[in-house]
Each structure stands twice: as C-alpha cells, then as structure tokens.
Amino acid sequence: MSKLLTLLFAIYFVDAVIKEHDVGDLRNLLLALHNDERNVRSSCEYADIVPAEEKLDELTWDNDLGADAQRFADQCKKYVKQSVRSVGKWESVGQNAINVSEIADAVRLWTKEANYYNHSLDTCMAGHDCDSYKQMVQAETKHIGCGAKWCSDFKPPLKYLVVCNYSPAVRKGQPYKEGRCLKKENI
C-alpha cells in the first residue's frame, strides 16, 4: 500500500518539477510505471489481462536512451512514428511518444492499447494502434530511457510531450508468450 501511495505522490509531484527538468524524478516515475505494467502481465490478478508464460523482466534505465528521448522531447514537435534505429551502443531502438496533460498519462494511454489488441491472433482492432503497448510489454525489451518537455505551443490540456526509447525495439508477433492461470480450488 505504501508503494502505491508513493507512486501516486510521484505522479502529481513530477508534473510540478518537470518544468525545472528534475530528470531523476521523471526517470523514477516512468520506470516504475512501465515495470508495474510488466509485472501485472506476470500475475493472474486481473481477468482482462492475458498472463505471460514467464515473468517479464523489469526494464532498466539507460542514460543514452534517456538523453536521446529528451532531445526529441525538447523539440516540442508533433510526433511522427519513428522506424527502428540505433542509439549509441543500442542497435535496435523503438520509440513511443505522446502528447498528454499529465506525465503519468503517457504510460496509462499506451497501456490502454491492450484493450484493442488480440494477443492470440496478434492483431489490433481496426482504427487503433497497438504498437506502443506491445513495445512496453515485449519480453525481449530490457532497457528504457525517457524524456518529457512542457511545450508552451501545444494546445491545452495536452501540454507535455513524453518520449520513451526501448531496446531492443518491438518485433513482429506477440510481445510475450501467453501463459495460463491455475486457480486453486477450495476443497
């Protein structure tokens, strides 16, 4: 419970400090939110989430990926989907970016794409994009770096540009192998 309260406090606090570029708070918040979503897929607590066959590894922060994401965010330009590219020592880097009113909304909205994704068929509902969700929970992805910028030219309420880089980049196919939940029977 205290972890949840700490996370909620961080969500509200980070929006105030991001204008002053407190990178540590931004890093901690976005890394925690990503890893929480990955951990949920490794449990059987939620009926509407397809469980992973094996526990998804937690992502680790990479400063090079974060610096590249911050450079992109600092431009305050409308996001255009990037192709897989290399960043520093990383040969395969994928990127998620979104305009939001609160920093933490980025991860929430990327996660929401799971509602349109059919894991068994590896398809996304027509008219929707599921690549950001798949990138977040892909089993092979191990490293992340994010940046955010308060952009005065953006129309309210979407004032922040949040960008996250991932390595390796999302690949074709299911993001992780589907598992199944075994529920204990009351005897």
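Quick notes on this structure:
- Candidate set from the range 106-130 (those that are of a type in the set (D, E, K, R) and either surrounded by fewer than 19 Cβ atoms within 10 Å (Cβ to Cβ) or at pLDDT below 95 (or both)); member that is nearest to Lys159 (Cα to Cα): Arg108
- Within the range 32-70, the set of residues being of a type in the set (A, V, I, L, M), modelled with pLDDT of 95 or more and out of contact with any Ser or Thr (no Cβ under 8 Å at 6 or more places or on another chain) comprises Ala32, Leu33, Ala67, Ala69.
- Test: residue in the range 16-27 that is closer than 20 Å to Tyr176 by Cα, of a type outside the set (S, T, N, Q), at pLDDT below 95 and in a loop (DSSP other than H, G, I, E, B): no
- Scanning the range 31-81 for residues that are acidic (Asp, Glu) and either closer than 16 Å to Val93 by Cα or surrounded by 13 or more Cβ atoms within 10 Å (Cβ to Cβ) (or both) yields Asp36, Glu37, Asp57, Glu58, Asp62, Asp64, Asp68, Asp74.
The values are calculated or read from the model by the stated rules, or taken from the named source; none is laboratory data. Computed from a prediction, not measured in an experiment: that's the story for all the values here. With ideal geometry, Cβ positions are generated from the backbone for all residues, glycine too; neighbour counts draw on all protein chains shown.
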